[in-house]
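Data first, discussion second: the structure below is written as structure tokens.
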Amino acid sequence: MTLATVANIAAALTATVPADWESAASVVGVIVLIVVAVVALGVSASGGWRIAPVVSIAWGLGWLAVARLLGDLIDVPIGITATIVAVIVLIVPIVGRFMRERTLAD
């Protein structure tokens, strides 16, 4: 839901902002993806490092990365950022969950 909401907001902004803002699209996209990472990690952390929410977000980020690196709307900074964010969003909860279970076992 998080990634879909962000994509819908981005689409709405694309349709409404002035054309001269196009030069800032990659920078704004990267910032938005960083916000997605923070929200995804917050959701996972608040749920005891649940994996399911971040897997779905990482899946969406992966498709976004493929679309921006190989699709019709090429945007390399956004594609690379989406890839990095997808990896971070997957790794941090896995490590967090492992550490939590290890601490509980002690």
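The values are calculated or read from the model by the stated rules, or taken from the named source; none is laboratory data. In this text, all values refer to a predicted model and were calculated from it rather than measured experimentally. Using ideal geometry, Cβ is built from the backbone for each residue, glycine included, and neighbour counts are taken over all protein chains shown. Accessible surface areas use protein heavy atoms only, side chains included; no ligands, DNA or RNA. Shrake-Rupley method; radii C 1.70, N 1.55, O 1.52, S 1.80 Å.
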#### Entry: Portion, in percent, of the accessible area of the chain that falls on carbon or sulfur, probe 1.4 Å
74
#### Entry: Gain upon complete extension [Ala7, Thr103; 0.36 nm per residue less C-alpha separation]
30.8 nm
### Electrostatic dipole magnitude of the chain [Cβ: Lys, Arg +1; Asp, Glu -1; Cα centre; debye, to 20]
440
### Message
I'd like to know which of Gly48, Trp59, Pro77 lies farthest towards the positive end of the charge dipole of the chain, counting +1 on Cβ of Lys and Arg and -1 on Cβ of Asp and Glu.
### Response
Gly48
### Message
For the full complex of protein chains and a 1.4 angstrom probe, list Trp49, Trp21 by accessible area with the highest value first.
### Response
Trp21, Trp49
### Query
Mind checking which helices in the chain clear 30 Å along their axis (Cα) and have mean Kyte-Doolittle hydropathy of -1.0 or more, DSSP H runs only?
25-46, 76-105
### Heavy-atom accessible area per residue - the range 1-104, 1.4 Å, Å²
64
